[in-house]
Amino acid sequence: MEMTFRWYGSKHDTVSLRDIRQIPGVTGIITTLYDAKPGDVWTEEQIKAMIDEVAASGLHISGIESVNVSDAIKAALPERDEHIENYIKTLENLGKQGIHMVCYNFMPVFDWTRTELARVRPDGSTVSAYNQQAIDKIRPLEMFDMMTPDDSDIVLPGWEPERMDSIKELFEVYKDIGEEDLFANLKYFLEAIMPVCGKYDINMAIHPDDPAWSIFGLPRIINSQENLLRLIHMVDNVHNGVAFCTGAFGTSLKNNVPDTIRKLAGRIHFAHVRNLKFNSQDDFEEAAHLSSDGSFDMYEIMKALYESGFDGPIRPDHGRMIWGEEAMVGYGLYDRALGAMYLLGLWEALVKNSAR
Ligand SMILES: [Mn+2]
């Protein structure tokens, strides 16, 4: 296991590599080329510049989150094969530069979705939150207003304003695509990229859908234990794996988080470990990583990762906004640093206990 931290690049992030370097035990950076569009080829020069910038801080890149998959690939549009060719070239260029883990998701149209970006918790911290009734009341286009922070020019990843322009067409595209079609399109994509992943030893890590159910009638498939097992078996190659996000997968109370981690042993290539606080089945908010601040048993989650032999990059996820920090929602320095410390503490105890 390596403790890592997501970083949005010097152009976009309020947190510096120097800040991250000072969090004890964090050695790896998870980042991406934030200006690349899904479907583009990442050049070796761009990748090398990114690697060198991180290396100059004393850290290194442990993986990419994400190389985004275009809607043409997800929906099998005519440009699909061209976009897959470009994706393969990008993987090849990443592999040549020594990068071995790539995260992606397969959610149509919308990325992670929340209905509030700054809900105030009893301790005065603010967090993002999701309420199903609020979603049921709005139209898809209004999601962009919900996902735009007030008084700020920060754009959340996956919610770039230019996506809004094509949203009507995208809904049209997905009108006749059901879950089985989406599974078939995912299989087609994975089978096409497995050879390059084998050649350069690149572990693909799919991020679960967040929340773990269909919204606005769009199909979603990476949302249950059954479907995750179907995914790893339908392309039965070790490079076809999962970015296990406890917060995304855990949005559905039907999902047993530690049990699913154990069943995916050997195929979890990246872990996002965070807590959620449920107010009801349809209303949850983010919490501190500490078990007692939310609804998850974080010890059992870390134990499941440890006992299933997890040895990839792990990172804290979606922190609360605390101590007056102003940063991208969920991605400030302070609460994620607390989260990293706590997860490292749980891990140290697991290692030492099992050695006795
Ligand atoms: Mn996540």
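Each value in this text was obtained by applying a stated rule to the coordinates, not by laboratory testing. Keep in mind it's a predicted model, so treat the numbers as computed, not measured. Here Cβ is always computed from backbone atoms with ideal geometry, including for glycine, and neighbour counts include all displayed protein chains.
A few notes on this one:
- On the stretch given as segment 235-244, residues that are in contact with a Leu (Cβ under 9 Å, 6 or more places away or on another chain) and within 16 Å of the ligand (Cβ to nearest atom) total 3.
- Elements of the type strands (runs of 3 or more DSSP E) sitting completely within segment 245-335 and holding at least 2 residues that are crowded, with 21+ Cβ neighbours inside 10 Å, within 16 Å of the ligand (Cβ to nearest atom) and not acidic (D, E): these cover 268-273, 313-316.
- Members of segment 192-217 found to be within 16 Å of the ligand (Cβ to nearest atom), touching a strand residue (DSSP E or B) at 6+ places or on another chain (Cβ under 8 Å) and of a type in the set (A, V, I, L, M, F, W, C), listed by number: M204, A205, I206
- Applying the criterion of being among the acidic types (D, E) and not in a loop (DSSP other than H, G, I, E, B) to the residues of segment 7-50, the residue that is nearest to H83 (Cα to Cα) is E44.
- Every pair of residues 6+ apart whose Cβ atoms lie under 9 Å, when the first sits in segment 225-246 and is closer than 21 Å to F284 by Cβ while the second is in a helix (DSSP H, G or I) and among the acidic types (D, E): Q225/D259; N227/E179
- The residues of segment 77-117 that are over 20 Å from the mean Cα position of the chain (by Cα) and in a loop (DSSP other than H, G, I, E, B), listed by number, are L77, P78, E79, Q97, G98.
- Which numbered condition I29 fails, given (1) under 22 Å from P195 (Cα atoms); (2) buried (at least 21 other Cβ atoms within 10 Å of the Cβ); (3) not polar (S, T, N, Q): (1)
- Among the residues of segment 336-345, those that are of a type in the set (A, V, I, L, M, F, W, C), under 28 Å from A265 (Cβ atoms) and surrounded by fewer than 21 Cβ atoms within 10 Å (Cβ to Cβ) comprise M341, L344.
- The residues listed here are G63, G98, G58; of these, the one that is under 21 Å from G241 (Cβ atoms) and surrounded by fewer than 17 Cβ atoms within 10 Å (Cβ to Cβ) is G98.
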